[in-house]
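Here's the structure, in C-alpha cells; my notes come after.
The values are calculated or read from the model by the stated rules, or taken from the named source; none is laboratory data. Predicted, not measured: the structure shown is a model, and the values here were computed from it. Methodologically, a virtual Cβ is constructed for each residue, glycine included, from the backbone with ideal geometry; neighbour enumeration extends over all protein chains shown.
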C-alpha cells in the first residue's frame, strides 16, 4: 500500500532560520503551511514567501510554553487549511552561557527545557486528536547530535534534546496503530542566529557550516511518505544517506533509537 502524502503542515519557530526554510520548502512542494510563532509581524515574510510559492499559507500565533495558545493556534490552522497531518517541531533555544551545569543559571536552564522539550509536547498533544481521527499523521522533531553525546556545557540544551529523542521513540511505539509516524532529525551545523551566538563556534576559525537544504530534503521525503518505515529513529540530515537507512534500519529494532547500551548477551536488560 502506497502511503498518502501529507497535505497540511504546521511549522513551529518558522519566522527565521531553519524553520523558515522548512516552511518555504514544504510550500514549494505543494503543502498548505501554517507557520507558528509568537508574533504576526515576525511571521509575515515567511508566509508571504509560502504564498509566492503557490501555497495556501497563514501565520498562527502562540508561545510554545503556553498550552492554551498552542491549542488555539492548532485549531485556527485546522479551520483555515484542514487537519494538520505534518507537524514540524522546530522552535528551540539554547543555554545563555557556555558553562557546565554547576555554573549555569538554574532559571535559564529551566526555560530552555520548557521551550525545547515541553514545547514540542504541547504542540504534539494539540495536533494528535486530528491525526488520530483521520488515521494518519507525521511528526518531525528537529533535534541535535548534542542530544546523544556527553558535553561539558549547554546542559539544558543537551538534556532537553535527549528528552525529545526519547519522546520520539516512545510516541512512535504508542501511535503506530493510529497511523502516526514520528521522526527525530538533526539538521547538522546550520548557520542561524542561535548557532552563531554559541562560543564554541565563534572561537573556531572555520566552522563546518552546512546547509538547511539537507533537513528540508528530509522533511519533503517524510511528507511524501517515503520515510514512514523509519518512525522512531534518529536521522542526521547532513551526514546520513536515506537510502542506506531505509535498507538497514527497519530490520533492527534498536538502531538509531534512544536506548540503553547493554554490556552484552549476558546483560539481563539486553
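So if I check each of 14, 25, 49, 19, which one is closer than 20 Å to residue 216 by Cβ, in a helix (DSSP H, G or I) and touching a strand residue (DSSP E or B) at 6+ places or on another chain (Cβ under 8 Å)? Before the answer, list the steps.
Working: 14 fails: in a helix (DSSP H, G or I); 25 fails: touching a strand residue (DSSP E or B) at 6+ places or on another chain (Cβ under 8 Å); 49 fails: touching a strand residue (DSSP E or B) at 6+ places or on another chain (Cβ under 8 Å).
Testing whether each residue is closer than 20 Å to residue 216 by Cβ, in a helix (DSSP H, G or I) and touching a strand residue (DSSP E or B) at 6+ places or on another chain (Cβ under 8 Å) leaves just 19.
Any idea which residue in region 148-177 is nearest to residue 131 (Cα to Cα), counting only those that are at pLDDT 95 or above and in contact with a strand residue (DSSP E or B) (Cβ under 8 Å, 6 or more places away or on another chain)?
Step by step, filter region 148-177, then rank; the result is 175.
Just to be sure, is residue 3 modelled with pLDDT under 95, in contact with a helix residue (DSSP H, G or I) (Cβ under 7 Å, 6 or more places away or on another chain) and more than 24 Å from residue 158 (Cα to Cα)? Please lay out each step first, then the result.
Working: modelled with pLDDT under 95: yes; in contact with a helix residue (DSSP H, G or I) (Cβ under 7 Å, 6 or more places away or on another chain): yes; more than 24 Å from residue 158 (Cα to Cα): yes.
In short, yes.
Identify the residue in region 75-100 that is within 21 Å of residue 132 (Cβ to Cβ) and out of contact with any strand residue (DSSP E or B) (no Cβ under 7 Å at 6 or more places or on another chain) and, among all such residues, is surrounded by the most Cβ atoms within 10 Å (Cβ to Cβ).
78
Can you find a residue that is surrounded by 14 or more Cβ atoms within 10 Å (Cβ to Cβ), at pLDDT 95 or above and closer than 20 Å to residue 7 by Cα anywhere in region 231-246?
Scanning region 231-246, I find at least one residue that is surrounded by 14 or more Cβ atoms within 10 Å (Cβ to Cβ), at pLDDT 95 or above and closer than 20 Å to residue 7 by Cα, so the answer is yes.
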